[in-house]
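The values are calculated or read from the model by the stated rules, or taken from the named source; none is laboratory data. Not measured: the values here are computed from a predicted model. Methodologically, a virtual Cβ is constructed for each residue, glycine included, from the backbone with ideal geometry; neighbour enumeration extends over all protein chains shown.
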């Protein structure tokens, strides 16, 4: 087979997009392109990274919820501590002890009649 120019002829219109791109990269300075790429990378991770702005807002909301739970549990702890203090040996009140044993343990004497009142009524 003999070489003919028509078979291997390359048209310049086929490579026009490549010429445009290569012309762009020829005119752009590589340090500027590298710095811009770095800025885009940092901006992306500043917004959506594990410690980004979006998670920061979520963590702020979660911290408020957890703080309110902590306040509620602290109040419950103080109430329980007051009840424990009322049952201490130094301040033992027989009536309080009798009342708690009847409420919590359902303890009563065999011939005793207990009438439970509705606490809401």
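For the reader, a short list of remarks on this structure follows.
- Taking first residues from region 77-93 that are farther than 16 Å from residue 104 by Cβ and partners that are in a helix (DSSP H, G or I) and at pLDDT 80 or above, the Cβ contacts under 9 Å between residues at least 6 apart in sequence or on separate chains come to 91/85.
- Checking each residue of region 35-43 against the condition of being modelled with pLDDT under 80 and part of a helix (DSSP H, G or I) gives no match.
Residue-by-condition table, conditions (1) out of contact with any strand residue (DSSP E or B) (no Cβ under 6 Å at 6 or more places or on another chain); (2) loosely packed, with under 10 Cβ neighbours inside 10 Å; (3) not in a loop (DSSP other than H, G, I, E, B):
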{"position": "59", "(1), (2), (3)": "yes, no, yes"}
{"position": "62", "(1), (2), (3)": "yes, no, yes"}
{"position": "70", "(1), (2), (3)": "yes, no, yes"}
{"position": "73", "(1), (2), (3)": "yes, no, yes"}
{"position": "92", "(1), (2), (3)": "yes, no, no"}
{"position": "98", "(1), (2), (3)": "yes, no, yes"}
{"position": "109", "(1), (2), (3)": "yes, yes, no"}
{"position": "112", "(1), (2), (3)": "yes, yes, no"}
{"position": "117", "(1), (2), (3)": "yes, yes, no"}
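- Of the numbered criteria (1) closer than 30 Å to residue 117 by Cβ; (2) modelled with pLDDT under 90; (3) surrounded by 10 or more Cβ atoms within 10 Å (Cβ to Cβ), the one residue 77 fails is (2).
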